[in-house]
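A short reminder: the numbers here are calculations on the coordinates, not readings from a lab. Nothing here was measured: the structure is a model prediction, and the numbers come from that model. Positions of Cβ are generated from backbone atoms using ideal geometry, with glycine treated the same way; all protein chains shown enter the neighbour counts.
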Amino acid sequence: ATALAQIEEALYLNGLTTLSAETATALAQYKGEVLSLNGLTTLSDDAAKALSQHNGWHLALNGLTALSDEAAQALAQHKHYLSLNGLTTLSDEAAQALAQHKGSYLYLDGLTTLSDEAAKALAQYKGRLSLNGLTTLSDEAAKALAQHKGALALNGLTTLSDEATQAIGECEGPLFLSKRFRKDFVEKNPLSPKTARFYALMLLGKINDLTTLDSPDSVAIAKALATHKGPLSLPNLKKLSPKTLSALIEKDDIEIPLIETLELIPEPDGSPTEDFVIPEGFQQRQQR
């Protein structure tokens with residue numbers, strides 16, 4: 001182990017099924033990009049403490065099916081990517097420990113369920129959080145994870161309640177969902193004031209299929225879209241009312257086609273249609 005720790009290439013030792021604390025201490029001196037120990041199904045607290053000192057970019061322990069709270073607390077000290085995709089359950093205490101992970105990526109893709117308390121804990125993690133094994137979220141778990149400020153990967157989701165959808169739509173960081181989930185959601189849920197923010201988040205701020213805003217609640221939809229946290233692009237927008245347009249461009253970092261190319265229609269809710277005057281500041285933004 002001491003000799004192997006000196007090599008510079010990625011180090012895959014996935015055949016190992018046991019690891020003593022002494023051997024872990026030696027391997028932790030490895031400074032290459034990847035230290036992969038996916039054959040381990042258990043890890044002692046002392047071995048976890050030793051491995052936490054690994055200074056390479058990626059520590060992969062995807063064979064672990066369980067993790068003590070003490071081991072979780074130790075591994076949280078690892079400074080880069082940490083993969084624990086073999087875990088199928090996670091105690092609330094272990095979740096609280098892992099939320100303190102020092103690195104920028106935390107992979108927990110083996111989890112198929114997540115308690116509300118564990119979700120609240122993990123939401124405090126500041127890096128990219130990957131939970132691709134979850135197929136659904138409780139309303140409370142969705143509200144909790146929405147507080148996560150980094151990127152959030154939920155590519156395994158197949159269903160979300162209306163309340164969970166609205167909750168997760170409050171996410172501040174990028175939200176990654178599977179292509180199938182996005183397709184199914186769009187087919188079953190028309191754009192509305194309630195779903196608008198989730199649309200923008202789900203599509204990573206780029207809503208390519210939106211060409212017209214002509215429903216009676218278009219102004220409310222535009223106001224909801226304007227609250228999306230992060231840049232928003234509607235590159236194929238063609239037709240909308242003056243009030244709807246005014247609501248949209250309240251957002252500083254919105255990208256729409258040149259206003260001169262848009263077709264302005266009567267207010268779809270029947271309210272009086274007023275002339276639209278392009279705000280000087282927005283016109284300057286479009287000309288950049």
Along the charge dipole of the chain, Cβ charges K/R +1 and D/E -1, which of Gly56, Val186, Leu232 sits furthest on the positive end? Gly56
Based on the Kirkwood radius over alpha-carbon pairs, what is the Stokes-Einstein translational diffusion coefficient of the chain at 25 °C with 0.890 mPa s viscosity, in µm²/s? 116
Residue-averaged 222 nm ellipticity for the chain, from DSSP H runs of 4+ at -39500 (n - 2.57), nearest 500: -8000 deg cm²/dmol
Amide H of Lys206 versus every other amide H placed in the peptide plane: which residues, excluding those fewer than 5 positions away on the same chain, fall under 5 Å? Ser233
What percentages make up the Cα-Cα pair-distance distribution of segment 93-214 when the bins are 5 Å wide from 0? 2, 12, 22, 26, 18, 10, 6, 3, 1, 0
When averaged across all projection directions, what area in nm² does the alpha-carbon convex hull of segment 206-288 cover? 5.0
Within segment 119-156, what residues put their amide N at less than 15 Å from the label point 7 Å along the Cα-to-Cβ vector of Thr112? 132-137, 156
Taking N as the residue count of segment 1-73, its alpha carbon Rg divided by 2.2 N^0.38 Å gives 0.98
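Tally Lys and Arg at +1 and Asp and Glu at -1 over the other residues with C-beta under 14 Å from the C-beta of Asn55: what net charge comes out? Could the numbers behind the result be given before it?
Details: positive: Lys31, Lys79, Lys102; negative: Glu8, Glu33.
Its environment carries a net charge of +1.
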Spacing of the two label points (7 Å from each Cα toward its C-beta) at Gln53 and Lys188, in nm: 5.1
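Please give the FRET efficiency for Thr227 paired with Thr41, using the beta carbon to beta carbon distance and R0 = 35 Å, rounded to the nearest 0.05.
Details: r = 46 Å, r/R0 = 1.31.
After rounding to 0.05, the efficiency reads 0.15.
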Segment 48-177, dipole about Cα centre (Lys/Arg Cβ +1, Asp/Glu Cβ -1), debye to the nearest 20: 700
By what distance, in whole Å, do the Cα atoms of segment 146-288 stretch along each of the three principal axes, largest value first? 46, 33, 22
Between Gly39 and residues 5 or more places away or on another chain, the pairs with built amide H atoms under 5 Å apart involve Leu16
How big is the gap, in Å, between the Cα center of segment 133-204 and the Cα center of segment 236-250? 25
In sequence order, what are the phi-derived ³J(HN,Hα) couplings for segment 32-45 according to the Karplus relation 6.51 cos²θ - 1.76 cosθ + 1.60 with θ = phi - 60°, rounded to whole Hz, with x for glycine and proline? x, 6, 10, 10, 10, 10, 6, x, 6, 9, 9, 8, 5, 4
Hydrodynamic calc, segment 130-171: Kirkwood Rh from Cα pairs, then Stokes-Einstein at 4 °C with viscosity 1.567 mPa s, so D in µm² s⁻¹ is 129
Along Cα→Cβ, 7 Å out, is where each label goes; now give me the distance between the ones at Thr261 and Asp92 in nm to one decimal. 5.4
